[in-house]
1. Which residue out of Val90, Val57 is among the β-branched types (Val, Ile, Thr) and at pLDDT below 95?
2. From the residues in the stretch 141-176 that are in contact with a Lys or Arg (Cβ under 8 Å, 6 or more places away or on another chain) and of a type outside the set (A, V, I, L, M, F, W, C), which one is surrounded by the most Cβ atoms within 10 Å (Cβ to Cβ)?
3. Could you tell me whether the stretch 117-134 includes any residue that is among the β-branched types (Val, Ile, Thr), buried (at least 19 other Cβ atoms within 10 Å of the Cβ), touching a strand residue (DSSP E or B) at 6+ places or on another chain (Cβ under 7 Å) and at pLDDT 95 or above?
4. Could you figure out which of (1) closer than 19 Å to Lys101 by Cα; (2) at pLDDT 95 or above isn't true of Glu178?
5. If you check every pair at least six apart or on different chains, which have Cβ atoms under 6 Å apart with a residue in the stretch 69-97 that is surrounded by 13 or more Cβ atoms within 10 Å (Cβ to Cβ) first and a residue that is modelled with pLDDT under 95 and aliphatic (A, V, I, L, M) second?
6. Kindly check whether there is at least one residue in the stretch 147-159 that is at pLDDT below 95, over 18 Å from Tyr60 (Cβ atoms) and part of a strand (DSSP E or B).
Amino acid sequence: MNYFNAGYTMNMYQYMAGRTETYKNTAGAQTTKTTSAKNETFSEVVQRKSKYEESAVDKYKRKHPKDALHVDSQVRAGQRVLAKNNAENVSREDMTMEEYKQFFTGLMNSIPYDSSQRNDTNVWTISEKGWEQMKNDPEYEAWVLGYTSEDRSVHNPWAAMPGYSPNYHTESFGASIEEHLGQSGPMGGMGNTGRRKTQQDDEESWWVRRHRIMKAMAEKAAEEARRADVVK
């Protein structure tokens, strides 16, 4: 089920942000209050949040300064996903966790795949601590979206080759960039050729990783050919 419809979701959360709540004061009388919608830009939310706690993105860049430029580009890519869906100024604080999960799932579903990945199977999961971190850390939320956008935009030139087996991808996100874990490999019974990757693998290009998979496929084909010759 696709939970995301840009127009409907925005209206829903704008309504929630301006809902009227009824509660009892200390004297027992009923009073009403209206929660006003916040009109903050993404950068303003980041600045406000940074006053209380360091972002998971900043923590990672401090530990891995060589990766800082790449991580910043992923955050910007995530910001573009938010802007595309008019979701920059939607208040996450006014959402329950279940509402936030539905909201974020819609953002993830809005990120397109390169045509060469259309036959692949992709599964993503987020730990409960990861959900909490994203809901309260707009930079980390943007990083997850940006990483996903970057990953789905990769063009696989071998996808059109005869006999090519589509890939199975899993992406697991936690409460920090270091906890991210991705795996991918052909669905055609390649077994141990699946690729376990983390953010630290960024220095190794996609082309090198793909070459490893293709090499494994070639080795398997050669082994099967040798076995066929023995049978003859």
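1. Checking each option against the conditions leaves just Val90.
2. Among those residues, the one meeting the criterion is Glu141.
3. The answer is yes, given that some residue of the stretch 117-134 is among the β-branched types (Val, Ile, Thr), buried (at least 19 other Cβ atoms within 10 Å of the Cβ), touching a strand residue (DSSP E or B) at 6+ places or on another chain (Cβ under 7 Å) and at pLDDT 95 or above.
4. For Glu178, the exception is condition (1).
5. Asn85/Ala6; Ser91/Ala17; Asp94/Met16; Asp94/Ala17
6. Among the residues of the stretch 147-159, not one is at pLDDT below 95, over 18 Å from Tyr60 (Cβ atoms) and part of a strand (DSSP E or B), which makes the answer no.
Each row is one residue, and each column tells you yes or no for (1) part of a loop (DSSP other than H, G, I, E, B); (2) over 16 Å from Gly130 (Cβ atoms).
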| site | (1), (2) |
| --- | --- |
| Arg62 | no, yes |
| His70 | no, yes |
| Ala87 | yes, yes |
| Lys101 | no, no |
| Thr105 | no, no |
| Met108 | no, no |
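To keep it simple, each residue is scored yes or no on (1) under 24 Å from Asn167 (Cβ atoms); (2) in contact with a Pro (Cβ under 7 Å, 6 or more places away or on another chain); (3) of a type in the set (S, T, N, Q).
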position	(1), (2), (3)
His70	yes, no, no
Val75	no, no, no
Gln79	no, no, yes
Thr105	yes, no, yes
Ser127	yes, no, yes
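The values are calculated or read from the model by the stated rules, or taken from the named source; none is laboratory data. Every value quoted in this text rests on a predicted model; they were computed, and no experiment measured them. Reconstructed Cβ throughout: ideal geometry from the backbone, glycine too, with neighbour counts over all protein chains shown.
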